[in-house]
1. Long-range amide H contacts for HIS84: which residues qualify at under 5 Å (H placed 1.01 Å from N, peptide plane, sequence gap of 5 or more or a different chain)?
2. Which length gain, in nm to one decimal place, applies between ARG67 and ASN132 when the Cα-Cα distance is subtracted from 0.36 nm times their residue separation?
3. Given the DSSP H assignment, sum -39500 (n - 2.57) over each helix run of at least 4 residues in the chain and divide by its residue total; what's the result at 222 nm in deg cm²/dmol, nearest 500?
4. Net charge within 15 Å of TYR34 by Cβ-Cβ distance, Lys/Arg positive one each and Asp/Glu negative one each, not counting TYR34 itself?
5. Checking understanding here: applying a Kyte-Doolittle mean of at least 0.5 and a length along the axis of at least 15 Å (C-alpha), which whole DSSP H helices in the chain pass?
6. Just want the ordering: PHE38, PHE137, from fewest to most Cβ atoms lying within 10 Å of their own Cβ.
7. Relative contact order of the chain, please, whole-number percent, based on alpha carbon pairs below 8 angstrom and at least 6 residues apart.
8. For SER3 and HIS122, FRET efficiency with R0 = 22 Å and r from the beta-carbon atoms, rounded to 0.05?
Amino acid sequence: MASELVEITHVQEFSAAHRLVSAALSEAENRELYGPCFTDHGHNYVLEVTVRGQLDERTGMVMDLNRLSRLIVERIIERVDHRHLNHDVPFLAGTITTAENVAVAFWRELAAPIAAHGCRLHRVRLRESRMNLVDYFGPPNA
């Protein structure tokens, strides 16, 4: 059974405000590119974190889902929920807070702590709305 490769996913929700703005663009260019997202607005996000690993023969688990949940809450949710992503979240400082960039930043916050549990972070999915989501599978050659 230990040779079985399994993926587990934990889901959390959070609400946050943000504003899409690039320092490399003029105000007119930002307004044209980002449209209504150039102004402060918010989303009810859904974060899915998928971990891949071998089944542990002793426990029958890839990773304890309660431990994964606590890690996600501590490393991400407590730091972003009901916050303004552009102003209140140090690990997003200087980031254009597109869903793509936020998903990459979340990966960076989670990959090492998950690896410390003998697993590999496989996917971060960030759903910004019912119609828009981002999947990030980590850096190339990781």
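Every read-out reported here was derived from the displayed coordinates using simple, explicitly stated rules and does not represent laboratory data. Note that the structure is predicted; figures quoted are calculated from it, not measured. Glycine gets a Cβ as well: all are built from the backbone with ideal geometry, and neighbour counts include every protein chain shown.
1. ALA17
2. 20.6 nm
3. Computed mean residue ellipticity for the chain: -7000 deg cm²/dmol.
4. Numbers: positive: ARG19, ARG31; negative: GLU27, GLU29, GLU32, ASP40, GLU100, GLU128.
Its environment carries a net charge of -4.
5. On the way: long enough: 99-115 (23 Å, 0.75).
Flagged H segments are 99-115.
6. Result, fewest neighbours first: PHE137, PHE38.
7. Worked out over the chain, it gives 29 percent.
8. Once the sixth-power term is evaluated, E becomes 0.80.
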